[in-house]
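Heads up, the thing below is written out as structure tokens.
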Amino acid sequence: MTAAATTAPRDAAHLHDLVGIGLGPFNLGLAALSDPLDDVDAVFLDENDGFAWHPGMMIEGATIQVPFLADLVTMADPTSRFGFLNWLKTTGRLYPFYIREEFSPLRAEYDAYCRWVADQLDTLRWGRRVTSVDEQPDGTYVVTSRRAADQAVETWHARHVVLGVGTEPRLPEPLQRLADRGDAHGRGDAHGPVVHSADYLRARDRLRAADSVTIVGSGQSAAEIYRDLLDTTRVCDRPGHRLDWVTRSPRFFPMEYTKLTLELTSPEYTDHFHSLPRETRDRLGREQRSLYKGISGDLVDGVYDTLYRLSVDGPVDSTLLTETELVDARWVDADEQLELTVRHAQLGTTTTRRTDALVVATGYAARVPSFLDALGDRVDRDDLGRLSVARDYSIDGGRGRLFVQNAEEHTHGLTAPDLGFGAWRNSSIIASITGREPYPLERRIAFQTFGTPAPAPVPAPAPAPAPAPAPAPGCAIRDKSDAQSCSGAEVSGVSPRDGRDLHAPDLDGGRVRPGGRPTEPTPTEEARVTR
């Protein structure tokens, strides 16, 4: 085998303002927002041969869980030609989408929209796997990539680098231990008995043919897979076939989607969350999972309705287990099955279950790519080894040259994976790169106050009343007639016109005796005067 040649891409001699690494929705949105800006020279690298968003979960009819406004650009620039509505218009789907009267696009529809945007951008370089990022003495970066087509090595120079490499599938610890012991049966892929939800569609035919399938997980992906397998295999028509759904959550909870709760995606709450101690942020991160990792209410109802419909023909051989955690797993060669050990949290009991196939819908984890290793301690990390992400999404000690996308859930909270917040984050990164705000940043959008409110202003003390002038010599004020006889002199508190006591409270229906003294107020009047 010959060594790969090192080549310079056609524009490598140019110092780019920005090199983006990875092309998921967030960096694709950054590319789209950068495209019309004359002062941002950008290039984006990705190891895949084209855009693909969660291809293993393109289940027919599945929708994204945010409104169409959460596209790549609209929340930053509603006039952008890369908006979702423009894609609908261009493809002749605008009126059908309008008649549909649903805010959430189909998942396949969103993927097609993103591919449409990618096809219009000339700053994207597909088939480039980044191998290293090095910092130069002048503070710029050199990004090295390997081209898939011919294994040629390329270098790219940049003032700023934005990482958008996404997350990787996360396996439950018992399965990870199985894989670590060298047992390939614990590896989550499309070919073995353990399948991560990211590979579901590639493994679906095999899962449908299995005699028993167990799904582990509590979120949207687990629910979509359960309903898809339940409906397509019609378990009640297959004697001996079993489909189980196991979750350690106390219930199959819906996503929290009330409006005041959605304000936790605001810039103000992100500011507040970022300012908290690490331990507090980690605790809140666990507590807030139901806000964005739950199941859509419609899907929860759809699962029940499917079970109800199938039960018309007899019992459905399916078990749904809550409060149940997978604690161990092993492969039984003789039976070609996985043996799962599960523990019920409330009862404290442990049991074993056999299954032919296991689908793990246990989410994804942020990863620190190995190509950052050359930067060493110039990349900020916390005491757990995670990226320590500044409020402006930089990870380089506050210099604002190295940024991340969707790797900051532990520092910024639930906005990190939120498609609707991606345009705001990209606007912030562009502002850091350009020193201006081509896309104005909304910093105050919430009705709520997070944290301790600012103290109310203390009213200034009222000025002291001016001292009353002395009466005219020889003028004794006894009643109204006396006041009128004092040579027209104005006496404090008395009008020379009618002798009315100007300082007396204006009692409701005030009754004044001839001497100018009010009658004793009634209890109601007393209260009114006090107020």
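Values for this structure:
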| item | result |
| --- | --- |
| Of the criteria (1) out of contact with any strand residue (DSSP E or B) (no Cβ under 7 Å at 6 or more places or on another chain); (2) at pLDDT 90 or above; (3) within 28 Å of G413 (Cβ to Cβ), which one A222 fails | (1) |
| Test: residue in segment 361-383 that is closer than 17 Å to L243 by Cα, among the β-branched types (V, I, T) and at pLDDT 95 or above | no |
| Residue in segment 56-63 that is more than 29 Å from L402 (Cα to Cα) and part of a helix (DSSP H, G or I) present | yes |
| Some residue of segment 111-122 being over 20 Å from A31 (Cβ atoms), out of contact with any Phe, Trp or Tyr (no Cβ under 9 Å at 6 or more places or on another chain), surrounded by fewer than 18 Cβ atoms within 10 Å (Cβ to Cβ) and without any contact (Cβ under 8 Å) to a residue 40 or more places away in the chain | no |
| Residues of segment 115-166 classified as polar (S, T, N, Q) and assigned to a loop (DSSP other than H, G, I, E, B), total | 4 |
| Residue list for segment 425-459, restricted to those being small (G, A, S) and surrounded by 11 or more Cβ atoms within 10 Å (Cβ to Cβ) | S427, S428, A431, S432, A446, G451 |
| Failed condition for V360, given (1) surrounded by fewer than 21 Cβ atoms within 10 Å (Cβ to Cβ); (2) under 25 Å from H196 (Cβ atoms) | (1) |
| Residue list for segment 268-315, restricted to those being among the aromatic types (F, W, Y) and modelled with pLDDT of 90 or more | Y269, F273, Y304, Y308 |
| Enumeration of residues in segment 327-357 that are surrounded by 16 or more Cβ atoms within 10 Å (Cβ to Cβ), among the basic types (K, R) and touching a residue at least 40 places away in the same chain (Cβ under 8 Å) | R330, R353 |
| Answer residue from segment 241-295, given it is among the basic types (K, R) and surrounded by 15 or more Cβ atoms within 10 Å (Cβ to Cβ) and is farthest from A454 (Cα to Cα) among those | R242 |
| Checklist (1) over 23 Å from the mean Cα position of the chain (by Cα); (2) within 18 Å of T322 (Cβ to Cβ); (3) touching a residue at least 40 places away in the same chain (Cβ under 8 Å) applied to D231, failing item | (2) |
| Subset of segment 59-100 [among the acidic types (D, E) and at pLDDT below 95] | E60 |
| Listing of helices (runs of 4 or more DSSP H) fully contained in segment 224-322 that carry 1 or more residues being farther than 15 Å from Q65 by Cβ, in contact with a Lys or Arg (Cβ under 7 Å, 6 or more places away or on another chain) and of a type in the set (A, V, I, L, M, F, W, C) | 267-275, 297-310 |
| Only listed residue being among the acidic types (D, E) and free of Cβ contacts under 8 Å to residues at least 24 places away in the same chain, chosen from D392, D380 | D380 |
| Qualifying position, being over 21 Å from G219 (Cβ atoms) and of a type in the set (A, V, I, L, M, F, W, C), among L320, L347, L326, L340 | L347 |
| Test: residue in segment 70-86 that is more than 28 Å from Y200 (Cα to Cα) and part of a helix (DSSP H, G or I) | yes |
| Residue within segment 250-263 that is in contact with a helix residue (DSSP H, G or I) (Cβ under 8 Å, 6 or more places away or on another chain) and β-branched (V, I, T) present | yes |
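The values are calculated or read from the model by the stated rules, or taken from the named source; none is laboratory data. Remember, predicted model here, so these are calculated numbers, not experimental data. When we count neighbours, we look across all protein chains shown, and the Cβ atoms used for this are built from the backbone with ideal geometry, even at glycine.
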